[in-house]
Amino acid sequence: MAAKKTPAVLGFRMPAEWEPQVAVWLSWPHNLKTWPGNFRPIPAKFAEIVAHISRFQEVRINAAHALHKRAWALIEKAGADTTHVTLFDHPTNDAWCRDHGPIFVKNDRTGEVAVTDWEHNAWGGKYPPYDLDNTIPPKIASALGIRRFEKKMVMEGGSIDVNGAGLLLTSESCLLNKNRNPTMTRAEIEQALRDYLGVHTVLWLGDGIVGDDTDGHIDDMARFFSTNGIVTVVETNKRDKNYPILAENLERLHALRTPTGRKFTIASLPMPKPCFYEGQQLPASYANFLVINGAVLMPAFRQPGRDAAAAEVLAACFPGREIIPVDCLELVWGLGTLHCISQQQPK
């Protein structure tokens with residue numbers, strides 16, 4: 001029996017986030033346990049994010065039908081362009097679409113867009129149940145009438161970042177964690193990423209930021225902003241717990257080389273001052289931004305000086321795009337912000 005052809009062999013690759021998009025997917029929040037004791041402001045915050053994205057492109061939302069009426073009311077109240085918003089009857093367990101949603105790939109020769117469907121186990125089995133979340137990639141593929149490539153490997157969208165030209169950035173603390181794929185070696189994991197996302201080189205960082213329950217998602221640490229450019233969060237306070245972690249990752253970034261042997265252009269993003277809720281340090285990071293057509297949505301944390309400094313760095317990284325700060329201080333109590341809740345669908 002002939003082996004199934006992988007997406008890479010068929011000519012598919014995962015586009016960079018700054019490439020043209022047709023839509024951003026979200027999963028509507030409803031799980032009170034995700035924001036314990038402070039869920040009330042979250043649906044309106046999602047509606048505000050929908051409104052921002054709808055100015056530039058379509059927003060497609062996974063939500064059980066019972067949530068649609070209330071979601072629509074909030075989305076309209078937030079001033080969204082409702083002609084750019086579609087709700088799908090796709091029930092979920094949780095709201096982290098970056099991680100349970102499909103990862104889209106594109107064939108540049110034919111123009112075909114397809115989905116890759118990985119296993120989701122709620123970040124190492126931390127937050128059961130996650131059965132509904134695992135139905136989202138096939139449901140989206142079916143709703144769009146597009147091809148789906150299934151891979152029986154646990155992998156979350158927030159654990160990787162690509163430059164669209166063959167490079168993928170990830171972290172050892174997450175992708176090599178025994179709570180994900182205990183029987184797979186580093187080499188096997190790298191090969192799966194090559195086969196399904198069309199990359200040729202995997203670049204590894206070390207540990208994730210303090211408070212991150214995903215075991216170190218890359219989208220809270222370092223992101224590509226161009227083919228050879230990486231923007232990374234840096235902590236300047238030597239007494240901060242994140243200082244040694246981020247210093248080591250910065251050292252690794254400076255040691256990495258592009259396929260032509262050159263150094264990457266490294267841009268430094270400040271970290272917000274530590275954010276706490278009920279004594280717990282939250283994974284607040286300006287690296288959790290979302291790039292859309294014509295804009296970058298940036299998490300802000302009610303720290304005027306640092307928020308402005310981060311916006312300035314991102315404006316330099318993404319010239320010609322509007323930088324839109326979005327207050328995420330309550331959202332991050334769920335342990336994620338703008339990138340974590342979203343998944344882009346390329347044109």
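Values for this structure:
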| quantity | calculated |
| --- | --- |
| Unique match (being modelled with pLDDT of 95 or more, within 22 Å of Thr227 (Cα to Cα), in contact with an Asp or Glu (Cβ under 7 Å, 6 or more places away or on another chain) and not hydrophobic (A, V, I, L, M, F, W, C)) among Asn288, Asn249, Asn293 | Asn288 |
| Residue match in region 60-74 (condition: in contact (Cβ under 8 Å) with a residue 60 or more places away in the chain and either closer than 26 Å to Asp327 by Cα or exposed (fewer than 15 other Cβ atoms within 10 Å of the Cβ) (or both)) | yes |
| Complete set of residues in region 124-147 that are surrounded by fewer than 18 Cβ atoms within 10 Å (Cβ to Cβ) and either among the acidic types (Asp, Glu) or at pLDDT below 95 (or both) | Asp131 |
| Filter result for Val199 (within 16 Å of Asn249 (Cβ to Cβ), in a loop (DSSP other than H, G, I, E, B), of a type in the set (A, V, I, L, M, F, W, C) and modelled with pLDDT of 95 or more) | no |
| Hits in region 144-171 (condition: in contact with a helix residue (DSSP H, G or I) (Cβ under 8 Å, 6 or more places away or on another chain), among the aliphatic types (A, V, I, L, M) and part of a loop (DSSP other than H, G, I, E, B)) | Met155 |
| Residues that are of a type outside the set (S, T, N, Q), more than 21 Å from Arg147 (Cα to Cα) and free of Cβ contacts under 8 Å to residues at least 60 places away in the same chain, drawn from region 92-124 | Ala122 |
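The values are calculated or read from the model by the stated rules, or taken from the named source; none is laboratory data. Quick caveat: nothing in here was measured; it's all calculated off a predicted structure. Cβ coordinates were reconstructed from backbone atoms using ideal geometry, including for glycine residues, and neighbour counts include every protein chain displayed.
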